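Here is the structure we will look at.
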Amino acid sequence: MRIRTIIFIIITSLFIYGCSKKIEYLNETESCELKLYDDSTYKFSYPTFFEKKSEKGFYEIGNDKITLSRKSYNKIDSVDIGYTYSWNGTDKPDSLLLRFKNLNKEVIKAKIKFNSSIQEFESNELGEIDIAYEKLENLGIIESNEVIKNYTIYFDNKIYSPDMSYYLDSRRPQKIDFKLNQFVGEEYATLKRVYRFENDTIYMNDISRKTIGKNNKLTKLQ
């Protein structure tokens, strides 16, 4: 009985996908392939440095863009950190620029506290906080020439405490990019790819150029 059930599920799945109309898009080297089905599902295959990967999910088209959404059950770090020093090599930049985005690289508004201070700073509509080191010194948050040791970030009713220990012996940063995982503590993360979609051409913006070169355009297969 169990074998019959499994066979029935397999046949039903093949029937559903066999009857769903699909539109295929390929880049010039055929290393990337996107299949769109009329039930709003998609299959996307693309190369990485080591192997070719594929994913499935749902798509939505509108306002000259296509959004590919999928569920990820893989463990994802709560905070990803990008740490930048001043280009001129100085150890003493005048200010610190903080930028905040979520897992889908969308700009977000967040709040932050430094070290043990209760002083709170909030990002603007661009997801940025630009604050002078002199101001932090005058507020007593850091000493002269001191590096900020602890960052506490508040976003979407969640608290993030990024591990900055790797940077404590470094120079004062000029810019830090924080990418926050808004799905921390949830069963899965909903990941999105948002591409420009014009005249039957899809422009990819998140596949490494080391693997696809300049072939970042998916065109409709006639």
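Does TYR59 fit the bill of being open to solvent by 40 Å² or more (accessible area, probe 1.4 Å), under 30 Å from GLN174 (Cα atoms), in contact (Cβ under 8 Å) with a residue 12 or more places away in the chain and among the hydroxyl-bearing types (Ser, Thr, Tyr)?
The answer is no for TYR59.
Return yes or no: is LEU218 of a type in the set (A, V, I, L, M, F, W, C) and open to solvent by 80 Å² or more (accessible area, probe 1.4 Å)?
no
Any residue that is over 30 Å from TYR59 (Cβ atoms), open to solvent by 30 Å² or more (accessible area, probe 1.4 Å) and not β-branched (Val, Ile, Thr) - is there at least one of those in region 197-214?
no
Give, as residue ranges, the strands (runs of 3 or more DSSP E) completely inside region 115-196 that count at least 2 residues that are open to solvent by 60 Å² or more (accessible area, probe 1.4 Å).
Here the list is empty.
If you go through region 70-105, how many residues are under 14 Å from ASN181 (Cβ atoms), open to solvent by 80 Å² or more (accessible area, probe 1.4 Å) and either in a loop (DSSP other than H, G, I, E, B) or of a type in the set (Gly, Ala, Ser) (or both)?
Adding up the residues that qualify gives 5.
Just checking, which of LYS35, LYS52, LYS21 is open to solvent by less than 100 Å² (accessible area, probe 1.4 Å) and either over 24 Å from LYS217 (Cα atoms) or without any contact (Cβ under 8 Å) to a residue 40 or more places away in the chain (or both)?
LYS35
Checking the condition among the hydrophobic types (A, V, I, L, M, F, W, C), modelled with pLDDT of 90 or more and not in a loop (DSSP other than H, G, I, E, B), which residue from ILE10, ILE61 passes?
ILE61
Only one residue in SER78, SER86 is more than 21 Å from LEU136 (Cα to Cα) and touching a residue at least 60 places away in the same chain (Cβ under 8 Å), so which one is that?
Within the list SER78, SER86, the selection yields SER78.
The values are calculated or read from the model by the stated rules, or taken from the named source; none is laboratory data. For clarity, every value in this text was computed on a predicted model and none was experimentally measured. So basically every Cβ, Gly included, is an ideal-geometry build from the backbone, and we count neighbours across all protein chains shown. Remember, those area values only see protein heavy atoms, side chains included, never the ligands or the DNA or RNA. Shrake-Rupley method; radii C 1.70, N 1.55, O 1.52, S 1.80 Å.
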